[in-house]
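Encoded as structure tokens, the structure appears first; notes follow it.
The values are calculated or read from the model by the stated rules, or taken from the named source; none is laboratory data. Treat the numbers as computed from the prediction; the structure is a model and nothing was measured. Cβ atoms come from the backbone with ideal geometry, glycine included; neighbour counts cover every protein chain shown.
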């Protein structure tokens, strides 16, 4: 199994983060979201977003590297859900390039995010996941120890499709 180094993202990582974000969406969501929604998601559009995220630390970003290559990233910060206590953090995004799925990069990123959330004083952490994204649900529930919050189910529009997301939660410890 590869060995991954997790470190804070820096400006020069934005291109790799954008490429991973787009490639992962195309692979992970191809059977969940309509093509007309996925197709316009481009590296150029995501690059602008991730450059600003790195510059302003919103969300905080960590990358996983194998050697010099960025193979995944995690964005985390306080929960974006309305009326949430300041002690609740959220995984805003956690993506690993498909070639590195199920090899430990996601878990390394989760461990890094958990440490960052602890430093921020968070005691709980949440993540929103598409209800039918079995790979992501499996990771969060089995590898990272999250539990589903059943009353949290919500419907979100992704282009012409309306999909259900569920919030997962666990203690930061």
Exercise. Quick one: which residue in 28, 18, 9 is surrounded by 15 or more Cβ atoms within 10 Å (Cβ to Cβ), in contact with a strand residue (DSSP E or B) (Cβ under 9 Å, 6 or more places away or on another chain) and either on the phi > 0 side of the Ramachandran plot or modelled with pLDDT of 95 or more (or both)?
Key: 9
Exercise. Give region 54-68 a look and list any residue that's in contact (Cβ under 8 Å) with a residue 24 or more places away in the chain and either farther than 16 Å from residue 110 by Cβ or out of contact with any strand residue (DSSP E or B) (no Cβ under 6 Å at 6 or more places or on another chain) (or both), or say none.
Key: 54, 55, 66
Quiz prompt | Long-range neighbours under 6 Å by Cβ, at least six apart or interchain, first residue at positive phi within region 80-106, second surrounded by fewer than 20 Cβ atoms within 10 Å (Cβ to Cβ) | solution = 104/1
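Here is a check on your reading of the model: is residue 130 touching a residue at least 60 places away in the same chain (Cβ under 8 Å) and more than 23 Å from residue 70 (Cβ to Cβ)?
Here the answer is yes, as residue 130 does meet what is asked.
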